[in-house]
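Below is one structure, written out as structure tokens, with a few remarks after it.
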Amino acid sequence: MIEHAQNINNAIVSMDVALPGVVWGWMITLNMWAKSIATGVILVGAYLLARYGKDNKDLKGLKNIIPIIAFVFLHIFLLFTLLDLHQPFRMVNIFFHPHFTSAITVGAWLATALTGVIVFMTYLVMFKNETGLLYDKMMKIATVLAIPVTLYTAVIMGQASARELWQTPAELLQMALAAFLVGAATLSFFSDRWSKNAKRDLGIIMASSAFLMFTVYMGEYFLSWKLTEAEATMAYVHSGGEYNLLFWLGQIAIFATFALAFMSTRTSSDGLLKLAAIISIIGLYMAKHVWLIIPQLLPLS
């Protein structure tokens, strides 16, 4: 945090001071959760359209719901990003005085571009009933933009000072898996009229993402001793620590998602698929919240 700044011969003198307590709280958890849903719906939707899009009978209504869901959750993501800023009106400097060496600046520009594309796609499906060539071109642009938008938060977390638990490579994987997991989960609620093959693919995506996510979390949980600070951070969930219960509830939910989604691919059960979807959306929020909060509980001095 900047405690003091003043101009001296066109230079800016500043002093960084430690912020006690949790700075990134539930708003940032909700931010990441909503962003994962928005970008995940785009990415999983693009995959389904690429595989089954030639036959509209397989994916009834998918082209209509992709931009609408993404529109809603992108704006939740942006709203809580704005609300969490201590000086929200200063965000205009990201656009008028950008520094593209900053992950925050790059992410803001990309998120704004993606939102613009999704707003236009929403206009096409709601007011023009257009799901043809123009829609397909916009969908390709949205898919390309959705990839860095869902990943850039991992870079920001990895750049945070003295937060060894947030390692950029692992966080990149977690962000990608989160998007595919809840993207497939959200689309499953609209899949009643889709083909069995499309529903099976949703189950496979959910099961694979949940299994890999659970594996990464367990790896970091049991191998955190390699980093002194990470080991101290994980003490908040090890051996009945302050966040032990919430951590394991999230992990149980993620593993349950894997089991139920896998079973749905074997039995073609819509009920199991939707149950897995509900559990995954709740479990992801709990897992993300614990992983966001506990590194901030460790004193920096």
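The values are calculated or read from the model by the stated rules, or taken from the named source; none is laboratory data. Just so you know, these numbers come straight off a predicted model, no measurement behind them. A quick note on method: Cβ atoms are made from the backbone with ideal geometry, for glycine too, and the neighbour counts reach across all protein chains shown.
Things worth noting here:
- Taking (1) over 17 Å from Gly40 (Cα atoms); (2) at pLDDT 90 or above; (3) outside any loop (DSSP other than H, G, I, E, B) in turn, Ala179 satisfies each apart from (1).
- In the range 248-298, the qualifying residues are those that are touching a residue at least 24 places away in the same chain (Cβ under 8 Å) and outside any helix (DSSP H, G or I), and the one that is nearest to Met206 (Cα to Cα) is Ser268.
- Residue satisfying condition, being out of contact with any Ser or Thr (no Cβ under 9 Å at 6 or more places or on another chain), closer than 26 Å to Leu59 by Cβ and surrounded by fewer than 17 Cβ atoms within 10 Å (Cβ to Cβ), within set Leu134, Leu212, Leu187: Leu134
- Any hit, the range 276-290, residues being over 22 Å from Ala154 (Cα atoms) and of a type in the set (Ser, Thr, Tyr): no
- Test for Leu124: is it farther than 30 Å from Asp192 by Cα, touching a residue at least 24 places away in the same chain (Cβ under 8 Å) and of a type in the set (A, V, I, L, M, F, W, C): no
- Applying the condition of being in a helix (DSSP H, G or I) and among the aromatic types (Phe, Trp, Tyr) to the range 216-244 and asking which residue is modelled with the lowest pLDDT yields Trp225.
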